[in-house]
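Just so it is clear, none of the values below were taken in a lab; they were calculated from the coordinates. The model shown is predicted, which means the values in this text are computed figures rather than measured ones. Because the Cβ atoms are built from the backbone with ideal geometry, glycine has one as well, and the counts that use them run over all protein chains shown.
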């Protein structure tokens with residue numbers, strides 16, 4: 001687990017910036033080549049369940065901007081603990097703008113770091129519509145292969161986010177399955 005934080009720490013930028021992005025539902029946007037960010041979050045419940053995640057990401061130019069990231073997570077539920085890594089690659093296919101849908105494609109693989117198993121692979125098409133400079137809607141549709149159960153799933157998500165004009169606060173709502 002310490003190795004995960006060491007890897008994540010290598011990607012910490014000199015200046016902190018608000019990501020202003022969705023969490024489970026992805027955006028179609030990819031940052032400029034050479035930019036890096038680290039997103040993190042924690043979710044807990046009164047019964048002791050916990051999910052903590054850190055996700056470093058950097059964008060490189062491979063004839064087009066391509067984002068490489070990996071989410072490292074630690075979760076506990078009913079006394080059972082798990083540690084996972086989910087590397088992802090994403091590129092934008094159509095840029096978004098105010099009133100214009102943007103489209104990207106991403107692929108990821110999930111690994112259980114306790115067992116070393118590849119537990120899932122997925123391909124998702126994130127779409128983003130900017131309604132204004134401070135509000136956008138994100139829709140996701142894709143496929144996931146659960147390698148533990150050997151079953152395919154249709155994955156989907158819908159989200160919106162609204163940020164303050166000074167980009168200090170962002171309110172995000174999302175649903176996914």
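Using alpha-carbon positions, what is the distance between the centroids of the range 137-161 and the range 38-114, in Å? Cα centres, the range 137-161 to the range 38-114: 13 Å.
Hydrodynamic radius of the chain by the Kirkwood approach over all distinct alpha-carbon pairs: 17.2 Å. Between residue 174 and residue 80, the distance separating the two model label sites (each 7 Å from Cα on the Cα→Cβ line) works out to 2.4 nm. Each of 164, 172, 128 has some number of other Cβ atoms within 10 Å of its Cβ, and from fewest to most they run 164, 172, 128. Comparing 143, 101, 81 in a Gaussian network model of the chain, where Cα atoms under 10 Å apart are tied by springs, the biggest mean-square fluctuation is seen for 81. Mean residue ellipticity at 222 nm, helices only, the chain: -1000 deg cm²/dmol; runs of at least 4 DSSP H residues each add -39,500 (n - 2.57), and the sum is divided by the number of residues. Here the Gaussian network model covers the chain, with springs between Cα atoms less than 10 Å apart; of 63, 83, 148, 63 fluctuates the most. Between residue 64 and residue 105, full extension at 0.36 nm per residue minus the direct alpha carbon distance yields a gain of 13.5 nm.
Gyration tensor analysis over the Cα atoms of the range 88-142 returns equivalent ellipsoid semi-axes of 30, 11, 8 Å (largest first, whole Å). Taking 0.36 nm per residue of separation and subtracting the Cα-Cα distance, full extension of the segment from residue 42 to residue 162 would add 41.2 nm. Here the scattering of the range 77-177 is modelled by Debye summation over its C-alpha atoms, one equal scatterer each and no solvent; at q = 0.15, 0.17, 0.23, 0.25 Å⁻¹ the log10 of I(q)/I(0) is -0.76, -0.90, -1.18, -1.25. Spin-label pair residue 98-residue 154: with each label point 7 Å from Cα along the Cα-Cβ axis, the two points sit 3.5 nm from one another.
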